[in-house]
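Peer 1: Please see the structure below; I have some questions.
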Amino acid sequence: MKKLAIVVGVAVAGTVGLLVQAMYASGKADGGGFLGPGILSAEVNLVLEALLVLGLTFGFYLARSGNIEAHRINQTTWVLVNAVLVALIMVPSIRQAGVENLTELRDAGKWVPWLHGAIGTFAVLAGLWLVLQMNDLLPRHLHIAWWKNLMRLTLAAYWAVALLGLAIYKFWYVG
Ligand code: HEM
């Protein structure tokens, strides 16, 4: 097992999780944010997701320049931070995008969150799979041989999800 990446990743993602819980406990999550018209939890999520795709892209550069151990720690950390944000902020909030009849899907404010959710589910699962495989936590027979292509695809998925997330912020809060 590659311990360092897991320890750093769990520590950073755990801290982010505790801070998000503290935000909810303070009762300020649904109040005004610090960027513009959005609520605080949405803006915290937006800023962290933007940092996250920049961080994962920096990790791409680390891999390309041969710094694989730094790439491992960096990617593991961002994948786990993303999983915490999905579980604590995005899953509870997608209830707002409930669709009662199909005609509502003409409204981009309704279908974009579900597209974001579908690609996001892929990104979370692929990211976690890579983290488990590359840190030697997955049994050998579950290892994906085309992991390099999966890494490229997963990075592209994180980018698509972040850009769709920005669009959701616009639909829900800016109008
Ligand atoms: C968690 C442990 C990880 C390890 C140990 C790892 C390791 C590697 C290695 C060995 C390479 C090949 C570098 C080369 O010789 O070209 C690579 C490339 C890459 N990785 Fe990872 N990786 C990890 C996670 C991830 C994740 C989660 C993502 C996506 C979000 C990712 C995205 C990439 C990309 C985009 C490349 C460049 C592929 C190319 O050459 O075009 N990696 N990684």
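Here, each number is a calculation from the coordinates, and none is a lab measurement. Everything quoted here is computed from the prediction, not taken from an experiment. Cβ: placed from backbone, ideal geometry, glycine included. Neighbour counts: every protein chain shown.
Peer 1: Can you report the number of residues in segment 64-76 which are surrounded by 15 or more Cβ atoms within 10 Å (Cβ to Cβ), farther than 16 Å from Trp159 by Cβ and within 6 Å of the ligand (Cβ to nearest atom)?
Peer 2: Within segment 64-76, residues that are surrounded by 15 or more Cβ atoms within 10 Å (Cβ to Cβ), farther than 16 Å from Trp159 by Cβ and within 6 Å of the ligand (Cβ to nearest atom) number 3.
Peer 1: Which residue out of Val174, Val131 is at negative phi, among the aliphatic types (A, V, I, L, M) and in contact with a Ser or Thr (Cβ under 6 Å, 6 or more places away or on another chain)?
Peer 2: Val131
Peer 1: Please count how many residues of segment 77-134 are within 16 Å of the ligand (Cβ to nearest atom) and not hydrophobic (A, V, I, L, M, F, W, C).
Peer 2: 6
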